[in-house]
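The values are calculated or read from the model by the stated rules, or taken from the named source; none is laboratory data. Here the structure is a predicted model, which means the values were calculated and not measured. Positions of Cβ are backbone-derived with ideal geometry, glycine not excepted, and every protein chain shown enters the neighbour counts.
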């Protein structure tokens, strides 16, 4: 690698670290009701730590969408980073508010994370952050053929459609399980949270693929997005059924996750893996 290439890489890396710092600052400024450092260090709040790791992971994924792709020259690249970097941070933080109110709508997420230190809630929150980060990664990785404004609009539209998809997925997931997901999560059932979070990440991965690529025609892009969203939603009940029959033969996921004294976290890992693994295979096949 030439010296010039190393210098350019260092500049891009520095830009990504700056974006990450801005994203961290945005989180701190939008959560004034508690001090992150106090919760993590003095109160050993593992639930908040899980949620925060999810936010950081989602932030890295979102920034990755800005940083990836072919270079258009240092000056143009830095302009793009200055435009789309803050956009990804705004979208991720707006998603946090929407997901708290629409996906985990039956209780206050803040109380579960801070007052109760509920790890079940934290895992779902982690899943929403990662899923949203994946979507933003795809939405900002391509370009519209018209101009910067069109690219921003397309990114926001695909992000918004994905948020609707996550809400629909949460309703479907609640319907295909024989237990009340929110009730179990509120009871600090970490296993239920892991399984649900895995389903959200899987859908986020599929929607990342749907939102990625250059925007050539709105009709075609929206049609492709709708097809892949429908595919992801259909995936949920099918994969859960197969997880029971193939990955855990002779066992019932519901029994393992909710119908015993100590929920089986191992079974939840299997269910979460089945969703995410299936989403990877689907994306690689499209």
Suppose we keep only residues that are free of Cβ contacts under 8 Å to residues at least 12 places away in the same chain and closer than 26 Å to residue 197 by Cβ within region 1-30. Which one would you say is surrounded by the fewest Cβ atoms within 10 Å (Cβ to Cβ)? 29
Tell me whether region 178-193 contains one or more residues that are within 17 Å of the chain's Cα centre (by Cα) and buried (at least 24 other Cβ atoms within 10 Å of the Cβ). yes
So which of 156, 167 ends up being under 26 Å from residue 91 (Cα atoms), surrounded by fewer than 21 Cβ atoms within 10 Å (Cβ to Cβ) and in contact with a helix residue (DSSP H, G or I) (Cβ under 6 Å, 6 or more places away or on another chain)? 167
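Given the criteria free of Cβ contacts under 8 Å to residues at least 60 places away in the same chain and touching a strand residue (DSSP E or B) at 6+ places or on another chain (Cβ under 8 Å), does residue 164 qualify?
no
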Quick check on this structure: which one of 55, 84 is modelled with pLDDT under 90, touching a helix residue (DSSP H, G or I) at 6+ places or on another chain (Cβ under 6 Å), crowded, with 23+ Cβ neighbours inside 10 Å and part of a helix (DSSP H, G or I)? 84
Yes or no: residue 178 within 22 Å of residue 204 (Cβ to Cβ), modelled with pLDDT under 95 and touching a helix residue (DSSP H, G or I) at 6+ places or on another chain (Cβ under 8 Å)? no
All conditions in (1) surrounded by fewer than 24 Cβ atoms within 10 Å (Cβ to Cβ); (2) in contact with a helix residue (DSSP H, G or I) (Cβ under 8 Å, 6 or more places away or on another chain); (3) assigned to a helix (DSSP H, G or I); (4) at pLDDT below 90 are true of residue 79 except (2)
Which members of region 92-109 meet the condition of being part of a helix (DSSP H, G or I) and either buried (at least 22 other Cβ atoms within 10 Å of the Cβ) or touching a helix residue (DSSP H, G or I) at 6+ places or on another chain (Cβ under 8 Å) (or both)? 92, 93, 95, 96, 98, 99, 100, 102, 109
Pick from region 228-262 the residues that are in contact (Cβ under 8 Å) with a residue 12 or more places away in the chain and closer than 30 Å to residue 150 by Cα: which of them is surrounded by the most Cβ atoms within 10 Å (Cβ to Cβ)? 232
Within region 36-45, is even one residue within 26 Å of residue 188 (Cα to Cα), touching a residue at least 24 places away in the same chain (Cβ under 8 Å) and crowded, with 18+ Cβ neighbours inside 10 Å? yes
When you look at residue 89, is it closer than 22 Å to residue 208 by Cβ, buried (at least 19 other Cβ atoms within 10 Å of the Cβ) and touching a residue at least 24 places away in the same chain (Cβ under 8 Å), yes or no? yes
Restricting attention to region 91-146, report how many residues are over 27 Å from residue 189 (Cβ atoms) and under 11 Å from the mean Cα position of the chain (by Cα). 2
